[in-house]
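Report on the following structure.
FYI, it's all coordinate maths here, none of it is from the lab. Computed from a predicted structure; not experimentally measured. Note that each Cβ is placed from the backbone with ideal geometry, even for glycine, and that neighbours are counted across all protein chains shown.
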Amino acid sequence: MSYKKRTRFVFATCLALFAGVMAWRGGLSAFRGVEPAMPAPAPSDIRFRVDFEAAQPAARMSIALPPGYAFVPMPGAEARITAIDGRSGAVLEGGSFSLGAARPRKGGAFSFTVPRRSGAHPVIYSHPGLPAMRLVCLVPFEDDSADGRVDGVRIGAPPDPARGPEKVRRHRSLYVPPRRFVRLEPSVLGLSLSPAVRVGDLVCPSSDGRRHVSFAPVDYGLIRLVTEGWRRFSRLHPGLPRWSYISWYRTPTHNRREGGSRHSRHMYGDACDMIIDADGDGRMDDLNGDGRVDRRDALLIAKVFEDIERGFPVRGGIGVYEYPGAASAGAAVHVDARGYRVRWGYSWLSGRKRSFVWYDEVDE
Ligand SMILES: [Ca+2]
């Protein structure tokens, strides 16, 4: 080996040893300065993981939300927000946080006590090089009256489940009227609780654009169910808008007035009726393309929820409806998270209400 070659060999060996030592001391982080910097994630790539105690059902939740979304935690309970980078799953560091009088803290995750004061509390999260991001902590109020009023409004009481049909009697512990509600103020109606549910969906406006009541319970069992339903449905039928809800929470008084079923889960806030309405005419779209709107279109939605229930923690009701006349929705699907399985199908096409069976009959 010539002198030149020997020098090169010694130099290369030293370099390799040096790199080995540096890698051993602190990974390859010492070399980051010479590599092109990874671009900061765009705000749309960032998600927050929010861990909180839900009011309904009373359980710990862990959900991922993009900036701008809202979550509804129990007042006074502990909650935690973690910012996650949508690309790598890495926790963002060096954020700052404010919630009312809470002091800014350092780090990618923040634990805090949810305020007891009801209303919308913005949570601002900032990170160097990114615009400030925001979540909204929407705190519900507790109804402590026992006379069928909430927030001074007479809503009535659901009928006694102990006097209901056999299935209702057997599950009467699940028929507890909601006690906590969020106020549906104009500033929060457009906030999303998930990619498939906005706050304004929780009480559907009637044809004159008004809501029968301006507060609603927030049931995370149902929100998770319809969101998972939407995730699966949009994969099977891409390009359609998310669910359009035609009914969600109904006060017991309103349920009676509208001719809802006597023990309807709409009074408990864990039921909704939905359609797909891409052209915005208030009717179910002709989803199967046969030139008609009827139960066959609704069944495409119902089957998705039927599939979900096989591996989902929440069990509930799925109903398929078909109605006559251009002034009606044509067809719709009811989904609820009541805690036990029920199925039904009703048609009014023949001029009166008739049942039909679209599901496997399972005795429970
Ligand atoms: Ca059709």
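Data table
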read-out	value
Rel. contact order, % - alpha carbon contacts under 8 angstrom, at least six apart, the range 233-364	20 percent
Top positive-direction residue, dipole computed over the range 116-199 with Cβ charges, set Val139, Pro158, Leu184	Pro158
Residue-wise HN-Hα coupling along the range 345-353, computed from phi with Karplus coefficients 6.51, -1.76, 1.60 (Hz; x: Gly, Pro)	x, 10, 10, 10, 5, 8, x, 9, 6
Long-range HN-HN contacts of Gly345 with modeled amide H, under 5 Å	Val320, Phe356
Orientation-averaged projected area, Cα convex hull of the range 149-355 (nm²)	11.9 nm²
Debye-sum result for the range 285-362 in log10 I(q)/I(0), which assumes one identical scatterer on each alpha carbon, at q = 0.24, 0.28 Å⁻¹	-1.12, -1.34
